[in-house]
1. Considering only Cα-Cα distances, which of the following residue pairs are longer than 25 Å: K57/K97; K163/K184; K26/K58; K30/K54; K43/K184; K61/K123?
2. Evaluate E = 1/(1 + (r/R0)^6) for K58 and Q233, where r is the Cβ-Cβ distance and R0 equals 51 Å; express this FRET efficiency to the nearest 0.05.
3. Would you mind computing, in nm to one decimal, how far apart the modelled labels at L125 and F145 are, each placed 7 Å from Cα along Cα→Cβ?
4. Among 18-31, 153-166, what's the highest-first ranking by average C-beta atoms within 10 angstrom per residue?
5. How far apart, in nm, are the 7 Å Cα→Cβ label points at F152 and I35?
6. Beta carbons within 10 angstrom, averaged per residue: use that to sort the peptides 178-187, 58-67, 143-152, highest first.
Amino acid sequence: MLVWQASFTGLLFEVWIIALLYIGYKFFPKSGIVIMFELFFEKAYEFFEDILWKDEKKWIKMYIIGMFFIIVFSNLLWVFLEFLTPVFWHSMEEFIKIPTADINFNIAMAVVWVIIVILEQFKALWFWKAIHEYVPIKWKDLIPFERWNLPFAVDWFVYILVKFFDIAISMFLWVLEIVGHAAKVISLSFRLFWNMTSGGILLAMLIWGVSALTTSLVGIEFPIIWPVILYLQELLVAFIQALVFPLLVAIFIKVAKVH
């Protein structure tokens, strides 16, 4: 199966899971799964609300929560597919590829969030002040200097020199700001991508390696207790990575507004 077809199948599975939750919430609101999901949702909402503050826009909070659950569902699907890989001795990525294991999906999420961070910064700082943060058309008074404490000629010379270095530092910080946004996209997307793809590769290598070694030494395959332990570790990684991505985005929004 083509790569894009496998990725599309993964997105369909994601939509299917969300649709099942919606149907359960709509028609079976008293079921145990729905109640457990509501409790989980409330705890996640409270967690991110504490980071963003209660006065943050509701749509931003809900967007972050939605992204958190999309990544959680995708990562859990990934753990399930990794469990099937040793069973069938064949990689499931040829048939279905989870969204978070697709670098294009992760980059798209990261780019959207960087744009949202920049827009929220512009709204918080007002337009011209935000423009001045990115394009320092004048100095930012980064170097303090009290005038008229020196002779007139010396004072003007030092003042011009200070402003020159002030503008130079401001332009350097502007370049760092632009590079910083590009680094956010790279760090957010590639961190999630490699954490979601490397675990399954290592797990499959361990299972096949231990099986081949024990079969050649004692004639039987090694019990699967160590792979089971690693699967539990992969579940933990799935939840941690689902938390890290929206957590960093929330921190970026908060820092951008404070800055």
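Quick note: the coordinates plus some simple rules give every number you see, no bench work behind them. Owing to the predicted nature of the structure, the values given are computational and were not obtained by experimental measurement. Cβ coordinates were reconstructed from backbone atoms using ideal geometry, including for glycine residues, and neighbour counts include every protein chain displayed.
1. Details: K57/K97 34 Å; K163/K184 31 Å; K26/K58 22 Å; K30/K54 29 Å; K43/K184 27 Å; K61/K123 17 Å.
With Cα atoms farther than 25 Å apart: K57/K97; K163/K184; K30/K54; K43/K184.
2. Details: r = 36 Å, r/R0 = 0.70.
According to the calculation, E is roughly 0.90.
3. Those two pseudo-labels are separated by 2.3 nm.
4. Working: 18-31: 11.3, 153-166: 12.9.
Ranked from most to least packed, the peptides come out as 153-166, 18-31.
5. Those two pseudo-labels are separated by 8.6 nm.
6. Details: 178-187: 13.0, 58-67: 14.8, 143-152: 9.7.
Top to bottom by mean Cβ count within 10 Å: 58-67, 178-187, 143-152.
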